Amino acid sequence: MEIATKYNPLQVEDKWYQYWLKKGFFRSKPDERQPYTIVIPPPNVTGVLHMGHMLNNTLQDLLIRRARMSGKNALWVPGIDHASIATEARVVAKLKSEGIEKKDISREKFLEHAWEWKRKHGGIILEQLKKLGASCDWERTKFTMDDDMSESVIHVFVDLFNKKKIYRGVRMVNWDPSAKTAVSDEEVIYREVKSKLYFVKYRIEDEDGFVTIATTRPETILGDTAVCVNPADERFRHLKGKKVYVPLVNRLVPIIEDEYVDMAFGTGCLKITPAHDINDYEIGLRHKLDSIDIFNDDGTLNEKAEILTGVDRFKARGKIVKMLAEKGLLAKEEDYVNKIGYSERTDAVIEPRLSMQWFLKMKDLAQPALENVMNDNIQLYPAKFKNTYRYWIENVRDWCISRQLWWGHRIPAYYIAGTNEFVVAETPLKALEKAKAETGRTGLRQEDLIQDEDVLDTWFSSWLWPVSVFDGIRNPDNPDMKYYYPTDDLITAPEILFFWVARMIMAGYEYTGKKPFHNVYLTGIVRDTRRRKMSKSLGNSPDPLKLIEKYGADGVRVGMLLCSPAGNDLLFDESLPEQGRNFANKIWNAFRLVNSWQADPKALPGEAARVAVTWFGERMKQAVAEIEEDFNQYRISEALMTVYKLFWDEFASWYLELIKPAPGHHIDSHTLKATKDLFETLLKLLHPFMPFITEEIWHLLSDRPAGNSIMNESKPVIEAFDVKMISAFEVAREIIAFVRNTRKANQISPKEKLVLFINAADRDDDFDAAIIKLAHLSEIKQVDGKVEGAASLINRFGEFYIPLGELHNYEAELQKLEKELTYMIGFLASVMKKLSNDRFVSNAPGKVLEMEQKKKADAETKIKSLEEHIADLKKK
């Protein structure tokens, strides 16, 4: 079979992905094997693939593929989130482009448009993930508004309401004027902004004097219901019990005292606007102040503001500042930097606002979520996030779970017409039965019940995800739930650790009594080389599909993982997937070389080939152990780097060179078979990272039974390895490098055979044949002393010489030895510093001390030898 000169990922990747799908290799059903389960963090139904998805899903896929190769029944459950705010915004924008306003159509008609949009555009991202090689069980794909998922959400709401954990009330919320809905604290992003601090004068009742306050939001003056001072502030003792007029609207409000006021901020006088500031709201409750909500849902001023009705809040700010100045009520302005909250979804400036909302009590739910992370029953990787997790859980506030939207799970609360009464039930029919029972009004009809207009926060469905995807809310004892739950690993981003991961843990313990997953691997954020978060607005986020087209999916996967340790940001540029593509090409070229060799059944293995096969087998076993340890500690980038170096630096650069037959000769059949076996083991190590090229080469490397795949092969297992042999090859490699460098320094042709003299006691000569072959020597001779007129290498294993005669460059040799001596003196000093440290000597394990003593002895021996050589050279 003719093998392509160049590896073409575009031809290979689609072929194998369709093959995997056709054969059902991603499918999972409960059986006798140990399960391994991951549930995908469901991307928004509006989403398209971005670099964060690429990193996150590459990690999930390699863990799933590795689990399959470990003999586990691996299941990766895919799905998408209905994303209330983002989806509704898309549908509203689409309708607007067609000349339709949301307010002009019914809820039912709007939802028809929303479902149509979902059918047409939703789930694009899942199709894109297939290009990456995602081995999800696509037949299990879930959507958070599927009928069974929605039933689970509604069931949980009703259950928590009946447990008195959900309540309804007027509270200060974060209002998004763009989406026209409340959002949770976790969905508010705070940024430092250059603002102005305005000093405004309030006239004191029945006096000519004024009280001056400082504010960054003069537009909210129109909702003021008090001015507050600190009772300990002697500057304002004379104002106690007095009143002032609110500028522009002349509302008379009291001057009150409260310890909350910071005497050092501004003037020490604080305007109180209970309807539009959380701290003012708390002060208002303590002092029984009125609350005047001056804003409409869209952030414009309403009639309660008395002036500028219908004007946007930020335009109103400018107008009010001008009006205050004209009336002589603006004392001054100062530049000021403060933190402003922005909506994570729409980027609109958040407006604190009093609103009737539904809330979930969090304190009791949070306790098992705190306890089971802090005791490592659920492990976070990296563990550094435990402290921030604990801080958030210990300071958790009740969760505002209602959203003023139409797309989402509608709150199952039903109001009885003409009354303030309501009932909560899973269906309209159950609500009617409950209303009749609770009110005694048996004549109530369905039309007498009006369902709450709000929908639930999207996270209220997402927090059930690991349970609901297995129908564990409705049918907790079903076979899938018993087999796959708890899941194994969750891969997600630190920024949603609190409002998704923590809440899933809460829901898991509340509804199953078990944790939802064993481990949480927290990725870093993908940033550009200037450390900016990637975003469309900055134009610094490449199109992942174009990267795959250019570098291949395997190349992009490797590029994403090479430098992305858990919890650390990935600084991305295109050199990373390019490096991944180059690695794929290296693997392909190595395969082509091996595949080009023809076996001579009569030939016997040469000594160099024989020892090479043995050495690389041992080195492979060592690498398998290292990789296993890395995965156990979730050091996934390190695991990739180990196999990357094993293939590139050891297999391709050394092993293949050692066994390569001489030009015009065939390779012996034993060495060729051993090499193909080693290559296959390497492919198995590489497969979770690079599924496509490994599948392609695995099929080309040997005849395979029809319908097979490398993904169903067993991964290499840990075996004992010969450390002595691995170390011996390191010495051989150092000697070969010495000979090659000597040739280069003295301009000796690679074809000219040299003689190597070795002065070493108890020398291991197993690799002499390998040294002779790769260093192109005529022979190796053992001597008992120095060799005159020779280039030399001195290390802890002995002295190595290459006689050069007239070719010997004494000056270059002297410079090399002096440089080496300087290094060794510094090295010895660092070792001595450790050994002279009483604390180190007292606390270090015995093996560590023994190693340091050996370093000291070796360094002293080498320094002595180097000094003697330098002295001899200076006599020349």
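Counting each DSSP H run of 4 or more residues in the chain as -39500 (n - 2.57), what helix-only mean residue ellipticity at 222 nm follows after dividing by all residues, to the nearest 500 deg cm²/dmol?
Calculated from helices alone, the mean residue ellipticity at 222 nm is -13500 deg cm²/dmol.
On a 0 to 90° scale, report how tilted helix 84-97 is relative to the longest principal axis of the chain, with both axes built from alpha carbons and the result rounded to the nearest 10.
70
Read phi for every residue in the range 241-248 and hand back ³J(HN,Hα) as whole Hz from Karplus 6.51 cos²θ - 1.76 cosθ + 1.60, θ = phi - 60°, with x for Gly and Pro.
Result, rounded to whole Hz: x, 8, 10, 9, 9, 5, x, 6.
Can you give the local net charge around Lys163? Use residues other than it whose beta-carbon is closer than 14 angstrom to its beta-carbon, Lys and Arg +1, Asp and Glu -1.
So the environment of Lys163 carries a net charge of +1.
Would you mind checking the range 297-327 for residues with the amide N under 15 Å from a putative spin-label position 7 Å along Cα→C-beta of Thr267?
324-325, 327
In a shell of Cβ-Cβ distance under 13 Å around Gly559, excluding Gly559 itself, what net charge do Lys and Arg (+1) and Asp and Glu (-1) give?
Charge balance near Gly559 sits at -1.
Would you please give the residues with an amide H less than 5 Å from that of Asp668, counting only those at least 5 places away or on a separate chain, with H modeled from the backbone geometry?
Amide H to amide H, under 5 Å and 5 or more residues apart or across chains, Asp668 pairs with Asp600.
When the Karplus curve 6.51 cos²θ - 1.76 cosθ + 1.60 is applied with θ = phi - 60°, which whole-Hz ³J(HN,Hα) does each residue of the range 271-285 get, with x for Gly and Pro?
6, 10, 10, x, 7, 9, 7, 5, 6, 4, 4, 5, 4, x, 5
Could you give the angle, 0 to 90 degrees to the nearest 10, between helix 669-686's Cα long axis and the longest principal axis of the Cα atoms of the chain?
20
On the first, second and third principal axes, largest extent first, how far apart are the outermost C-alpha atoms of the range 482-574 in Å?
For the range 482-574, the Cα extents along the three principal axes come out at 46, 26, 21 Å.
For the chain, what proportion of DSSP beta bridges, expressed in % and rounded to the nearest 5, is antiparallel?
For the chain, the DSSP antiparallel bridge percentage is about 70.
Using only Cα atoms, tell me the angle between helix 147-162 and the longest principal axis of the chain; keep it within 0 to 90° and round to the nearest 10.
On a 0 to 90 degree scale, this one is about 60.
Looking at the range 192-238, which GluC sites (Glu not before Pro) are DSSP coil and have at most 13 other C-beta atoms within 10 Å of their C-beta?
Glu205, Glu207
For the chain, taking Cα atoms only, what is the radius of gyration to one decimal and the Dmax to the nearest whole Å?
36.4, 119
Would you check the range 428-571 for Lys pairs whose C-alpha atoms are within less than 24 Å, ignoring same-chain pairs closer than 8 in sequence, and give me the count?
6
Divide the volume of the convex hull of the Cα atoms of the range 486-539 by its number of residues and quote the answer in cubic angstrom per residue.
Here the figure is 86 Å³ per residue.
Compute the relative contact order of the range 27-122 as a whole-number percentage, counting only Cα pairs closer than 8 Å that sit 6 or more residues apart in sequence.
It rounds to 37 percent for the range 27-122.
Using θ = phi - 60° and the Karplus curve 6.51 cos²θ - 1.76 cosθ + 1.60, what whole-Hz ³J(HN,Hα) does each residue of the range 183-196 get, with Gly and Pro shown as x?
10, 6, 4, 6, 9, 10, 9, 9, 10, 6, 10, 6, 10, 10
Pull up all non-local amide H partners of Arg251: gap of 5 or more, or a different chain, and H-to-H distance under 5 Å with H placed in the peptide plane.
Val246
May I have the extent of the alpha carbons of the range 1-145 along their three principal axes, as whole Å values ordered from largest to smallest?
64, 44, 26
Net charge near Glu779: determine it from the other residues with C-beta under 13 Å of the C-beta of Glu779, scoring Lys and Arg +1 and Asp and Glu -1.
Counting the neighbours of Glu779, the net charge comes to +1.
Rounded to the nearest 0.05, what FRET efficiency do His238 and Asp290 have when you use their Cβ-Cβ distance and R0 = 25 Å?
0.50
Please calculate the 1.4 Å probe accessible area of Arg740, with all protein chains present, and give it to the nearest 10 Å².
Here the residue's solvent-accessible area equals roughly 110 Å².
Multiply the residue separation of Leu252 and Gln404 by 0.36 nm, subtract the distance between their alpha-carbon atoms, and state the gained length in nm to one decimal.
51.3 nm
Would you pull out the residues with amide H under 5 Å of Phe295's amide H, same chain only if 5 or more places away, H placed 1.01 Å from N?
Under 5 Å from the amide H of Phe295 lie the amide H atoms of Asn302, each far enough along the sequence or on another chain.
At a probe radius of 1.4 Å, what is the per-residue accessible area of Trp115, in Å² to the nearest 10?
Around 80 Å² of this residue is reachable by solvent.
The values are calculated or read from the model by the stated rules, or taken from the named source; none is laboratory data. Predicted, not measured: the structure shown is a model, and the values here were computed from it. We place every Cβ from the backbone using ideal geometry, glycine too, and count neighbours over all the protein chains shown. Side chains are part of the model used for accessible areas, which takes the heavy atoms of the whole protein and leaves out ligands, DNA and RNA. Shrake-Rupley method; radii C 1.70, N 1.55, O 1.52, S 1.80 Å.
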